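Have a look at the structure below before the remarks.
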Amino acid sequence: MKEEAKGKGDVLRKLFFSCLYLSTFTFGGGYVIVTLMKKKFVDDYHWIDENEMLDLVAIAQSSPGPIAVNGAIVVGYKLAGILTAILGTIIPPFLIISVISVGYHSFRDSYIISQILEGMQAGVGAVIASVVYEMGAGIVQEKDRISLLIMAGAFAGSCIFNINVVYIIITCGMIGVIRTFLSKKGGEK
């Protein structure tokens, strides 16, 4: 009993410090943290697998709120440490924004600060491209034609036909529900 509690305590401690680290050193929004979460939780700790990571991103993106916090909630739920994951994720931005708000007027018009932020935007673009590549490559490797069609259709709908992303998410969600229902119904026979 004590060893089980100690093991859970170790997992919760790792979860807290992982979320704290990721949230502290991730600039550029939620999509940037997705790559780092995958590396930490899938590749390093093996707490979730690749498919669960895709589900995590889908849930985090379609739920209201920041992707980083939503992703932490899903991982925390799986590891029975929702509050631990949330605290680890929200403490760094809270402290950073608090410090920035105190000195905002003194550096808001600074040329150096604006150049630093522009340089960070380029890095963020590269990280987002990496996330798209890694997640898209997983779908392509599975060679599931329906998933490939959904991915291509979502891309075309958003980038070519300028369809609102909300409609694309709702449509993809309905397709997922239908596919799940049909696969369960087919398995019952």
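The values are calculated or read from the model by the stated rules, or taken from the named source; none is laboratory data. It should be emphasised that the depicted structure is a prediction, and the values quoted were computed from it without experimental measurement. Reconstructed Cβ throughout: ideal geometry from the backbone, glycine too, with neighbour counts over all protein chains shown. What goes into the accessible areas is simple: the full protein's heavy atoms, side chains included, and nothing from ligands, DNA or RNA. Shrake-Rupley method; radii C 1.70, N 1.55, O 1.52, S 1.80 Å.
For every residue, the table says whether it meets (1) touching a helix residue (DSSP H, G or I) at 6+ places or on another chain (Cβ under 8 Å); (2) hydrophobic (A, V, I, L, M, F, W, C).
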{"residue": "Glu142", "(1), (2)": "no, no"}
{"residue": "Arg145", "(1), (2)": "no, no"}
{"residue": "Gly153", "(1), (2)": "no, no"}
{"residue": "Ile160", "(1), (2)": "no, yes"}
{"residue": "Val165", "(1), (2)": "yes, yes"}
{"residue": "Ile168", "(1), (2)": "yes, yes"}
{"residue": "Met174", "(1), (2)": "no, yes"}
{"residue": "Ser183", "(1), (2)": "no, no"}
Legend entry - Pair list, Cβ < 8 Å and 6+ apart or interchain, from segment 57-72 residues that are under 15 Å from Cys172 (Cβ atoms) to residues that are among the polar types (S, T, N, Q) and part of a helix (DSSP H, G or I): Ile59/Asn70; Ala60/Asn70; Gln61/Asn70; Ser63/Asn70
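Out of the helices (runs of 4 or more DSSP H) lying entirely within segment 16-83, which hold 3 or more residues that are open to solvent by 40 Å² or more (accessible area, probe 1.4 Å)? Lay out the reasoning, then the answer.
Details: elements: 30-37, 50-62, 67-78.
Filter on segment 16-83 gives 50-62, 67-78.
Pick from Gly157, Gly138: which is farther than 26 Å from Asp49 by Cα and open to solvent by less than 70 Å² (accessible area, probe 1.4 Å)?
One residue alone meets the criteria, Gly157.
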Inset, instruction - Go through the residues of segment 31-45 one by one and say whether even a single one is modelled with pLDDT under 85 and in contact with a Pro (Cβ under 6 Å, 6 or more places away or on another chain). - result: no
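Matching residues to (1) loosely packed, with under 10 Cβ neighbours inside 10 Å; (2) in contact (Cβ under 8 Å) with a residue 60 or more places away in the chain; (3) more than 17 Å from Ser23 (Cβ to Cβ):
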| site | (1), (2), (3) |
| --- | --- |
| Ala85 | no, yes, no |
| Ile91 | no, yes, no |
| Ile100 | no, no, no |
| Gly103 | yes, no, yes |
| Ser110 | no, no, yes |
| Glu118 | yes, no, yes |
| Gln121 | no, yes, yes |
| Val124 | no, yes, no |
| Ile128 | no, yes, yes |
Inset, instruction - Only residues that are closer than 19 Å to Ala60 by Cα and not in a helix (DSSP H, G or I): list them for segment 136-189, please. - result: Asn164
